[in-house]
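The values are calculated or read from the model by the stated rules, or taken from the named source; none is laboratory data. Since the model is a prediction, treat every value here as computed from it, not as a measurement. All Cβ positions, even for glycine, are placed from backbone atoms using ideal geometry, and neighbour counts span all protein chains on display.
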Amino acid sequence: MRRSPMSNAPRYPQLSRRTALSRILAGSVLGSGMLASPARAQDFPNKPVKVILMYPPGGGADNQARVIGEQFRAATGQAMVIESRPGGGGGVAANAAKGAQPDGYTLLNGNLGMMTLTPALNTGINYSVADFVPVAAISIIYPLLVARADFPASNLKELAALAKAKPREISYGTWGLGSVPHVAGAWLEEDAGIQLSAIPYRGEVPMVVDLLGGQLPLGWASLPAVQQHVKDGKLKVIGVAAETRFTQLPDTPTFIEQGLRGFAIPSWFGYFAPKGTPPAIVAALNAKINEALNTPHVRSRIEEQGQVVLVQSSSQFNDFIQQNAVRIQPTLTRLAATIRQ
């Protein structure tokens, strides 16, 4: 098996278990829509395709979308035009895409946080994954828990002993309330039987700065953000929330290896279309995006960001989204009930 590489936040009201689960699994995310005629699908695309992105220009997600777009243009003769709509934990971008014509010419670049976490934890969100058709997956990245080099624990067993001796005295950084690292931390506390204190930051970069500066003992991070600091001995890795070890960190065990059964959080990225987009158009987009992902240039650029390329059919991507939502649903339910405390 191949080894894996790896704002002011809104206030979240309390949700019931039923509400949280229904927001995650609301209906079929495959959507419906009349079949496009063979001629229409064969002619698609005959104009540029707009891709709505939740991140500002210039970041890793923007660069990734443009690399895929370049290959898409080479294959189809039509551009992918990136439109940045940041804000609201992905809600601004999602609502912009939700209201677009379901004709295949508007796509949403979505992820685990936008499609699963935010709708489950924020009652102010007026969209769900059921408002979209999964078109194609892009990649997965896994979080890892890192600590300052002088932190007195170097693995889960030592961290658990330390935390049980000092309940809630040990803090860890996240990228904001309801972010993937926040959910990872809550799940770790539950499964390890410990109590830590989550500190929300406005993203990963300021959190890593405080880790390096000694203001924070622990933090959830992505591999690209901390790999060099680990190599330099400034940070160390407590565990990896993946099914297998990172090839870049072959001596660092996963949390599963350290006794937490099933503790893997694949933070996925992918393309979505508005509900009602014809299946033949979805299939055409899926084929062209997968073709781009399979080119060595695109694959290497994505893997350089510490991500695993994920090539799936639309239905496989749908199943993947649902299965992972079910796995983290108990943690989301408990987190939704306590996130304002």
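Take the residues of the range 300-322 that are at pLDDT below 95 and part of a helix (DSSP H, G or I): which is surrounded by the most Cβ atoms within 10 Å (Cβ to Cβ)?
If we filter the range 300-322 for residues that are at pLDDT below 95, which is where we start, we get 300-308.
Pick out the ones that are also part of a helix (DSSP H, G or I) and you get 300-303.
Details: 300: 11, 301: 18, 302: 24, 303: 14.
The extreme case among them is 302.
Which one of the conditions (1) under 19 Å from residue 176 (Cβ atoms); (2) at pLDDT 95 or above; (3) not aromatic (Phe, Trp, Tyr) does residue 97 fail to meet, given that it meets all the rest?
With (1) under 19 Å from residue 176 (Cβ atoms); (2) at pLDDT 95 or above; (3) not aromatic (Phe, Trp, Tyr) applied to residue 97, the lone miss is (1).
For residue 153, state whether it is in a loop (DSSP other than H, G, I, E, B), surrounded by fewer than 20 Cβ atoms within 10 Å (Cβ to Cβ) and at pLDDT 95 or above. Break it down stepwise before answering.
On the way: in a loop (DSSP other than H, G, I, E, B): yes; surrounded by fewer than 20 Cβ atoms within 10 Å (Cβ to Cβ): yes; at pLDDT 95 or above: yes.
Spelling it out, residue 153 is indeed in a loop (DSSP other than H, G, I, E, B), surrounded by fewer than 20 Cβ atoms within 10 Å (Cβ to Cβ) and at pLDDT 95 or above.
Of all residues in the range 115-134, how many are crowded, with 24+ Cβ neighbours inside 10 Å and either hydrophobic (A, V, I, L, M, F, W, C) or touching a strand residue (DSSP E or B) at 6+ places or on another chain (Cβ under 8 Å) (or both)?
From the range 115-134, those crowded, with 24+ Cβ neighbours inside 10 Å are 115-121, 129, 132-134; that's our starting set.
Those still in the list that are either hydrophobic (A, V, I, L, M, F, W, C) or touching a strand residue (DSSP E or B) at 6+ places or on another chain (Cβ under 8 Å) (or both) too: 115, 117, 120-121, 129, 132-134.
Of the residues in the range 115-134, 8 are crowded, with 24+ Cβ neighbours inside 10 Å and either hydrophobic (A, V, I, L, M, F, W, C) or touching a strand residue (DSSP E or B) at 6+ places or on another chain (Cβ under 8 Å) (or both).
Only one residue in 292, 283, 273 is under 13 Å from residue 137 (Cα atoms) and surrounded by fewer than 19 Cβ atoms within 10 Å (Cβ to Cβ), so which one is that?
Numbers: 292 fails: surrounded by fewer than 19 Cβ atoms within 10 Å (Cβ to Cβ); 273 fails: surrounded by fewer than 19 Cβ atoms within 10 Å (Cβ to Cβ).
When all the criteria are applied, what remains is 283.
Tell me yes or no: at least one residue of the range 233-249 is among the small types (Gly, Ala, Ser) and either over 27 Å from residue 118 (Cα atoms) or in a helix (DSSP H, G or I) (or both). Don't jump to the end; show me each part of the working.
Residues of the range 233-249 among the small types (Gly, Ala, Ser): 233, 239, 241-242.
Filter again for either over 27 Å from residue 118 (Cα atoms) or in a helix (DSSP H, G or I) (or both), leaving 233.
The answer is yes; a qualifying residue exists.
Given the condition touching a helix residue (DSSP H, G or I) at 6+ places or on another chain (Cβ under 7 Å), over 19 Å from residue 241 (Cα atoms) and not charged (D, E, K, R), answer yes or no: does some residue in the range 153-168 qualify?
No, that holds for no residue.
Which residues, taken from the range 244-284, are out of contact with any Pro (no Cβ under 8 Å at 6 or more places or on another chain), more than 28 Å from residue 150 (Cβ to Cβ) and of a type in the set (D, E, K, R)?
If the condition is that a residue be out of contact with any Pro (no Cβ under 8 Å at 6 or more places or on another chain), more than 28 Å from residue 150 (Cβ to Cβ) and of a type in the set (D, E, K, R), then 261 is the only one that fits.
Being modelled with pLDDT of 95 or more and assigned to a loop (DSSP other than H, G, I, E, B) is the requirement here; does residue 276 meet it? Steps first, please.
Working: modelled with pLDDT of 95 or more: yes; assigned to a loop (DSSP other than H, G, I, E, B): yes.
Here the answer is yes, as residue 276 does meet what is asked.
Being surrounded by fewer than 17 Cβ atoms within 10 Å (Cβ to Cβ), more than 16 Å from the chain's Cα centre (by Cα) and over 13 Å from residue 107 (Cα atoms) is the filter here; which residues of the range 74-88 pass it?
74, 75, 77
Just to be sure, is residue 230 in the same structural domain as residue 181 (by TED's automatic domain parsing), farther than 28 Å from residue 326 by Cβ and surrounded by 21 or more Cβ atoms within 10 Å (Cβ to Cβ)?
Values: in the same structural domain as residue 181 (by TED's automatic domain parsing): yes; farther than 28 Å from residue 326 by Cβ: yes; surrounded by 21 or more Cβ atoms within 10 Å (Cβ to Cβ): no.
Judged against the criteria, residue 230 is not a match.
Go through the range 162-212 and give me each residue that's farther than 26 Å from residue 114 by Cα, among the hydrophobic types (A, V, I, L, M, F, W, C) and not in a helix (DSSP H, G or I).
Within the range 162-212, 170, 194 qualify.
State the number of residues belonging to the range 164-192 that are among the aliphatic types (A, V, I, L, M) and crowded, with 24+ Cβ neighbours inside 10 Å.
If we filter the range 164-192 for residues that are among the aliphatic types (A, V, I, L, M), which is where we start, we get 165, 170, 177, 180, 183-184, 186, 188, 192.
Right, trim to crowded, with 24+ Cβ neighbours inside 10 Å and you get 180, 183-184, 188.
Number of matching residues: 4.
Can you name every residue in the range 323-341 that is in a helix (DSSP H, G or I) and either polar (S, T, N, Q) or closer than 12 Å to residue 136 by Cα (or both)? Working first, answer last.
We begin by selecting, within the range 323-341, every residue in a helix (DSSP H, G or I); these are 323-338.
Result: 323, 324, 329, 331, 333, 338.
Given (1) in contact with a helix residue (DSSP H, G or I) (Cβ under 8 Å, 6 or more places away or on another chain); (2) part of a helix (DSSP H, G or I); (3) acidic (Asp, Glu), identify the lone condition not met by residue 62.
The single condition residue 62 does not satisfy is (1).
Which of the residues that make up the range 242-258 are buried (at least 17 other Cβ atoms within 10 Å of the Cβ) and of a type in the set (Val, Ile, Thr)?
Hits for the range 242-258 are 252, 254, 256.
Only one of these is surrounded by 22 or more Cβ atoms within 10 Å (Cβ to Cβ) and aliphatic (A, V, I, L, M): 328, 265. Name it. So that I can check it myself, show each step before the final result.
On the way: 328 fails: surrounded by 22 or more Cβ atoms within 10 Å (Cβ to Cβ).
265 is the lone residue from the list that is surrounded by 22 or more Cβ atoms within 10 Å (Cβ to Cβ) and aliphatic (A, V, I, L, M).
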